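> Attaching a single structure in structure tokens format; questions to follow.
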Amino acid sequence: MSTRPSPLTGLRILVVDDEPLVALMIEDLLADLGCEVVGPVASVADALPLAQIAGLSGALLDVNLGDEVVYPVAEVLQRAGIPFAFVTGYAGLGVAPEFAGAPVLRKPLDIYRFEEQVVAALLGTHSPGSVSLIEPPALS
Amino acid sequence: MKPLRRVAQVLETEGMLPRGRYGRTSRAALALTLVAASAVTTALLPAWVDGAIYAVLLSGVTFVALLCGPGVGLIAVGLAALFCGLGPVPALAGASPWAVALFVVLGLIDVAAITFLLRSNARTRAAVVRAEELVEHLQVSEARFRGLLEGAPDAIIIADAAGGIVLLNAEAERLFGYDRAELLGQNIGMLMPERFRLRHAGRIERYLESPATRRMGDGNDMFGRRKDGSEFPIETNLSPLASHGEMLVTAVVRDLSARKEIHERQSLLVRELNHRVKNALASVQSIVVQTLRTASSPEAFSAAFTARIAALSQSHDVLTRNDWSGALVEDIVREQINPYGATDQAFEIRGPRVTLGPNRSVTLGMVIGELATNAAKFGALSNGGALAVDWDVESDVAGRRLRLTWREQSLAPVSPPLRTGFGSRLIHRSVAAGLRGTAELDYRPTGLVATLAFPLLAGES
């Protein structure tokens, strides 16, 4: 979609989402930005080995994966110092207190600000645990 | 006939006559018999029994007064005196007028004594009757109270100002798991979790200083403690009860476990619904974005987008019919191809009964919907060909797998538009991510053959 080079180009990003259509969209959006997508996977069991592969630059994690939550994956990433952002439909409510500071992308995604949001979440000054909530754009 | 009735009444109350069974005639006959018996006895007395005649007549007067009342008793005294004065009996010949006068005085004293006796007896009897009525009334009242207490659906516990349990009902026994004897006299604090007992101490006295019917805890969560130590949520209403100059407090305790459960279940459902709505919106967004990428024109976008939204909606319809518990594979397939005329003979849908979970039902619905749209646009359904969908369950060491085959039989050579583009990606990726299986799309000259294979989860059968 974008013609200029993105700061995300060449990054390996893990995508975890149990909704196939959403995973597909995120994969496409990241691929457009020149990212190498790891996954998408739909469960914690599938995501844990991928969270530990070499050269992983970041991750986008859907909080609710059917019957389970994605937090074990987030813990692994946090320990490894790999930045990640949660993707959830619940505005601020869906994230456990221990990850309350992690960046959150809201569903449905703002696809026109997707790059900006992912850059802020994964390449910004955030380290996992720091407070930052990416607000959706104001309606105009 | 008042005197005769009285005889019968006295005999009745003394138990000598069955109550209320004898009419006036029988009563009169009885009284006459008594008077006659007395007179006959007197007449039969031999002459040598000097003066004894007065004693016999006096006892006759006593009986008549006793049975017929003071009025008739006085008449009997007069008749007896006349009898003595006339002297029809040999023993009375030449009776002294002083003796007759003495007899009359003794007779009057006798009647007076009997009158006093009868009155006092009547009063005692009336008191006994009133007491019996009162006891009966109390028994009825007590039975009603017990029925109300024991039949109450809530636990009712009455305690004194110090918290000592005075009374409790069957529901209180059941709710807290104690026998009545284990609780009576004990402090009501033993029915609370320990952490509340200290705070509760002295509360009853304070409550009784300004008693009013009110809810305990002022809306705070309250818990009861069973004999086994387990706790459960309760609601308690207090009311004061004055008894024998002492103030007691009645606590009506209701178990809130069921209500809490319903509340929690409702919250869960709302969260679940919210999750599904958000998922549906995110899916719609994905469909928009992806359809837009591959659409060649606004018209093409509109057609493809509408078909995909319809597929999503139809998947939801199937689930809604089953309260979102899951859906049969056959229902999922039929729902998606019905819009294209699934009742036609050209369709063959066959497979065992297999139920999928709700999310997986939606995913399979979207995949089948994509295949159906494609077939209607470019495949067998665009040229009057045939379609067969069949599935079966295979078991191996890894578990059970469902293998579904979509087989089109085209009447004309078909182009393979699914080979590239969102449609084919959606199918592959949905089966991979949503069903953890694989999809193969095989374009044969005779038409598309799609094979979906995915494992069945626990509970899917």
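> Please arrange B:Trp391, B:Trp406 by counting, for each residue, the other beta carbons lying within 10 Å of its beta carbon, fewest first.
Ranked by crowding around the Cβ, least crowded first: B:Trp391, B:Trp406.
> Hey, another quick one. Place the peptides B:142-155, A:74-87, B:222-235 in order of packing, highest mean first, counting for every residue the other Cβ atoms within 10 Å and averaging per peptide.
Ranking the peptides B:142-155, A:74-87, B:222-235 by packing returns A:74-87, B:222-235, B:142-155.
> Listed highest first by mean packing, meaning other Cβ atoms within 10 Å per residue, what order do B:184-197, B:255-268 come in?
B:184-197, B:255-268
> Using only Cα atoms, what Kirkwood radius does the range A:1-106 have, in angstroms?
This gives a value of 13.8 Å.
> Would you mind giving the mean number of other chain beta-carbons within 10 Å of the Cβ of each residue in B:426-436, as a whole number?
Partner Cβ neighbours, averaged per residue: 5.
> Sequence neighbours fewer than 8 away in the same chain don't count; with that in mind, list the aspartates and glutamates whose C-alpha is under 15 Å from B:Lys377.
Qualifying aspartates and glutamates at Cα under 15 Å: B:Glu299, B:Glu408.
> Okay, moving on. What are the aspartates and glutamates whose alpha-carbon lies under 12 Å from the alpha-carbon of A:Lys107, with same-chain residues fewer than 8 places away excluded?
Output for A:Lys107: A:Asp17, A:Glu19, A:Asp62, A:Glu135.
> While we're looking at this one, here's another question. Averaged over A:12-18, how many beta carbons belonging to a partner chain fall within 10 Å of each residue's beta carbon?
The shielding value for this peptide is 1.
> Given a Förster distance of 60 Å, report the FRET efficiency between B:Leu148 and B:Ser296 from their Cβ-Cβ distance, rounded to the nearest 0.05.
Between B:Leu148 and B:Ser296 the formula returns 0.15.
> Taking each residue in B:283-294, count the Cβ atoms of any other chain within 10 Å of its Cβ, then average. What number comes out?
The shielding value for this peptide is 5.
> On to the next question. Sorted by mean Cβ packing within 10 Å, highest first, what order do the peptides B:426-434, B:450-458, A:40-48 take?
Put in order of decreasing packing, that is B:426-434, A:40-48, B:450-458.
> Here's a follow-up. Could you calculate the FRET efficiency of B:Ala388 with B:Leu268 from 1/(1 + (r/R0)^6), where r is the beta carbon distance between them and R0 is 41 Å, rounded to 0.05?
0.50
> What is the spin-label model distance, in nm, from A:Ala54 to A:Ala80 if the labels are put 7 Å beyond Cα along the C-beta direction?
For the pair A:Ala54/A:Ala80, the computed spacing is 1.3 nm.
Coordinate-derived values only; no laboratory data. Source: prediction; values computed, not measured. Please note: Cβ atoms are built from the backbone with ideal geometry, for glycine as well, and neighbour counts cover all protein chains shown.
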